[in-house]
Amino acid sequence: MGRGVKTIELEEEQMSEKNYLVFDFGASNGRAIVANFDGEKATTDVVHRFEHGPVYVTGTLYWDILYLFSELMNGLQASLSQYPDIRSLAIDTWGCDFGFIDENGKLVANPVTYRDKNRISRSSLLYEVIPQRELFELSAGATSEIMGIFQLFSFQYDNSLEIRSGRRMLMIPDLLNYFLTGRIYNEYTNATMTLLCDQYNRTWERRILERMGISPSILNELIMPGDKIGVIQEDIREQFGVGPLSVVAPATHDTASAVAGIPVTDSRKHWAFISLGTWAIMGLETLKPVVTDAVFASGYGNNAIPEGRNMLVKYIAALWIIQQCRSRWRNEYQRNLSWDEIVTASENAGPSKAYIDVDDPLFGQPQVDMPGIIQEYCQQKGQEIPNSMGEVARCFYESLVLKFRYNLELLEKISNKSLELLHIVGGGSQNKTLCQWIADATGISVVAGPAETTSMGNLIMQLKADGEIRNLEEGREIVLRSSSIEQYEPGDKGYWDDVYEKYLRLFSFSS
């Protein structure tokens, strides 16, 4: 009898473990991750990864969406070969970008990237149609040129094929899910990255498109994180030899998933976050959009996260700049160059004697020689030129830290909250030196990690769809139990106070 009871308990314990497939596609790489959930915590296994990037053709910067889909299918097949009992899959990607399908459901063209020069240069023309302040009021979003509306306007300006033949507008993850399931929809968190949503009522703001002279019929049904999309359609199953796997909508905007996955250590404290990767997205979680004169003037804006919640955020050019530098240095030195080597070189270089404004549009564009661009920029600002790899890297890292301090101070002003805790998540949370400098410069305790917060946020919505958890708080508790995090307490703030004053004067920022 005793042995029989033990066997039954063991079988029930084994059956309680469930596998979920997370696709997390960033702007430079993508991964298929199988997450195993045992009822208390989750472990992850990166089964497939690949690199990708924008493709420059005939003056336009595109995403190769068919390559992304082929890698998605490679990841699906590899995952199922190792974990045949996967319960569902969900896809998140970067925000802002979209493609069109025509009246026959066929892809019109490859999506254009948010770094395309036409999209950015024509922003002022859009404001002649919809003044910037009015666009902020209607959408509640940050009026940054990376947002989808600017690309849509650029298509309209050119009377492009997308405008002439496109019948349905699908964000990148919506498009990939359409290829998988055949279902046409827009997931809400990523839809807010177009600035075409009424975030007060969580619907489309059709008046914006009407003002632009574009038919609102390109917009689709909005679905929410945790909704079930459907199953992989039959022709895909036959072609790739997979079963009718369930497809779930996470927060398909990767930052919204990252915020959902933050392992909040003390919800009683006023906490903010930085999702630190190619971009740094800095902000607060709020219950509803915050639309005030102060928010507009600060450059902050609102975007959706799961369960009807909001993030008041600012998008800051971040590790993209040092990634571009690394590419140049690797070509120069003709060898692989690790991030640890770059960070160590920046530490050994000593305090920086020059600074950049990381949000200058110059640094947001693809550059063949980003270190040279930084050097020329410093010279034009009358500063000492950083020469070595270590000096350039130190210039960047310190400039990024100072930009964070400036924007955190703005956030405290517009939210009327004194921040007590800062969560840093994403790949940048692994840079221990950078995390300590942020704590020192801001005087705020930093909790760093996990690096895989986006994939954990994706998993949370799959668990909710599967009935394993009831809400975001339960999901965050799982992340906290499943993750390794590090805490950084503020140290010597004196150095940072001195250089911060120089930084403010150099770029005429108001303190």
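In this structure, is Leu411 part of a helix (DSSP H, G or I), modelled with pLDDT under 95 and not polar (S, T, N, Q)?
Values: part of a helix (DSSP H, G or I): yes; modelled with pLDDT under 95: no; not polar (S, T, N, Q): yes.
When the stated conditions are applied, Leu411 does not pass them.
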Exercise. In the stretch 275-333, which residue that is assigned to a helix (DSSP H, G or I) and charged (D, E, K, R) is nearest to Val401 (Cα to Cα)?
Worked result: Arg326
For this session: Restricting attention to strands (runs of 3 or more DSSP E) lying wholly within the stretch 40-159, give those where 2 or more residues are in the same structural domain as Arg202 (by TED's automatic domain parsing) and in contact with a helix residue (DSSP H, G or I) (Cβ under 6 Å, 6 or more places away or on another chain).
Result: 42-51, 86-93, 98-101
For this session: Looking at (1) assigned by TED's automatic domain parsing to the domain that holds Leu176; (2) surrounded by fewer than 16 Cβ atoms within 10 Å (Cβ to Cβ); (3) modelled with pLDDT under 95, find the lone condition where Ala27 falls short.
Result: (2)
Seminar exercise, completed: Picked from the stretch 112-153 (must be without any contact (Cβ under 8 Å) to a residue 60 or more places away in the chain, more than 27 Å from Val55 (Cβ to Cβ) and acidic (Asp, Glu)), the residue surrounded by the fewest Cβ atoms within 10 Å (Cβ to Cβ) is Glu128
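Quick check on Leu276: is it in contact with a strand residue (DSSP E or B) (Cβ under 7 Å, 6 or more places away or on another chain), over 24 Å from Ala27 (Cβ atoms) and not acidic (Asp, Glu)?
Numbers: in contact with a strand residue (DSSP E or B) (Cβ under 7 Å, 6 or more places away or on another chain): yes; over 24 Å from Ala27 (Cβ atoms): no; not acidic (Asp, Glu): yes.
It is false that Leu276 is in contact with a strand residue (DSSP E or B) (Cβ under 7 Å, 6 or more places away or on another chain), over 24 Å from Ala27 (Cβ atoms) and not acidic (Asp, Glu).
Check the stretch 391-400 and report whether any residue there is over 25 Å from the mean Cα position of the chain (by Cα) and surrounded by 19 or more Cβ atoms within 10 Å (Cβ to Cβ). Break it down stepwise before answering.
Going residue by residue through the stretch 391-400, those that are over 25 Å from the mean Cα position of the chain (by Cα) are 391-392.
With the extra rule that they be surrounded by 19 or more Cβ atoms within 10 Å (Cβ to Cβ), the set shrinks to 391-392.
The answer is yes, given that some residue of the stretch 391-400 is over 25 Å from the mean Cα position of the chain (by Cα) and surrounded by 19 or more Cβ atoms within 10 Å (Cβ to Cβ).
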For this session: Return the residue satisfying two criteria in turn: it lies in the stretch 63-86 and is loosely packed, with under 14 Cβ neighbours inside 10 Å and farther than 13 Å from Gly53 by Cα, and of such residues it is nearest to the chain's Cα centre (by Cα).
Result: Ser70
Seminar exercise, completed: Residue pairs qualifying under the 9 Å Cβ cut-off, at least six apart or on distinct chains, with the first in the stretch 43-70 being under 15 Å from Arg119 (Cβ atoms) and of a type in the set (Val, Ile, Thr) and the second being at pLDDT below 95 and surrounded by 13 or more Cβ atoms within 10 Å (Cβ to Cβ), are Thr60/Asp116; Thr60/Lys117; Thr60/Asn118
Exercise. Which residue pairs have Cβ atoms closer than 7 Å, lie 6 or more positions apart in sequence or on different chains, and pair a first residue in the stretch 206-235 that is outside the structural domain of Asn186 (by TED's automatic domain parsing) and touching a residue at least 12 places away in the same chain (Cβ under 8 Å) with a second residue that is of a type in the set (A, V, I, L, M, F, W, C) and part of a helix (DSSP H, G or I)?
Worked result: none
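Which is over 30 Å from Asp369 (Cα atoms) and either in contact (Cβ under 8 Å) with a residue 12 or more places away in the chain or not assigned by TED's automatic domain parsing to the domain that holds Leu337 (or both), of Leu411, Leu400? I'd like the intermediate steps shown before the answer.
Details: Leu400 fails: over 30 Å from Asp369 (Cα atoms).
None of the other options fit; the residue is Leu411.
Looking for something surrounded by 20 or more Cβ atoms within 10 Å (Cβ to Cβ), of a type in the set (D, E, K, R), assigned by TED's automatic domain parsing to the domain that holds Phe136 and not in a loop (DSSP other than H, G, I, E, B) - is there at least one such residue anywhere in the stretch 187-200?
Taking the stretch 187-200 first, the residues surrounded by 20 or more Cβ atoms within 10 Å (Cβ to Cβ) are 187-197, 199.
Applying the additional criterion that residues be of a type in the set (D, E, K, R) yields 187.
If we keep only those that are assigned by TED's automatic domain parsing to the domain that holds Phe136 too, we end up with 187.
Remaining after also requiring not in a loop (DSSP other than H, G, I, E, B): 187.
Yes, the stretch 187-200 contains a residue that is surrounded by 20 or more Cβ atoms within 10 Å (Cβ to Cβ), of a type in the set (D, E, K, R), assigned by TED's automatic domain parsing to the domain that holds Phe136 and not in a loop (DSSP other than H, G, I, E, B).
One line per residue, one yes/no per condition, for (1) touching a helix residue (DSSP H, G or I) at 6+ places or on another chain (Cβ under 9 Å); (2) under 15 Å from Pro263 (Cα atoms):
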position: Gly467; (1), (2): no, no
position: Asn471; (1), (2): yes, yes
position: Glu477; (1), (2): no, yes
position: Leu480; (1), (2): no, yes
position: Glu489; (1), (2): yes, no
position: Asp492; (1), (2): yes, no
position: Asp497; (1), (2): yes, no
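The values are calculated or read from the model by the stated rules, or taken from the named source; none is laboratory data. All of these numbers come straight from a predicted model, not from anything done at the bench. Glycine also receives a Cβ, built like all others from the backbone with ideal geometry; neighbour counts cover every protein chain displayed.
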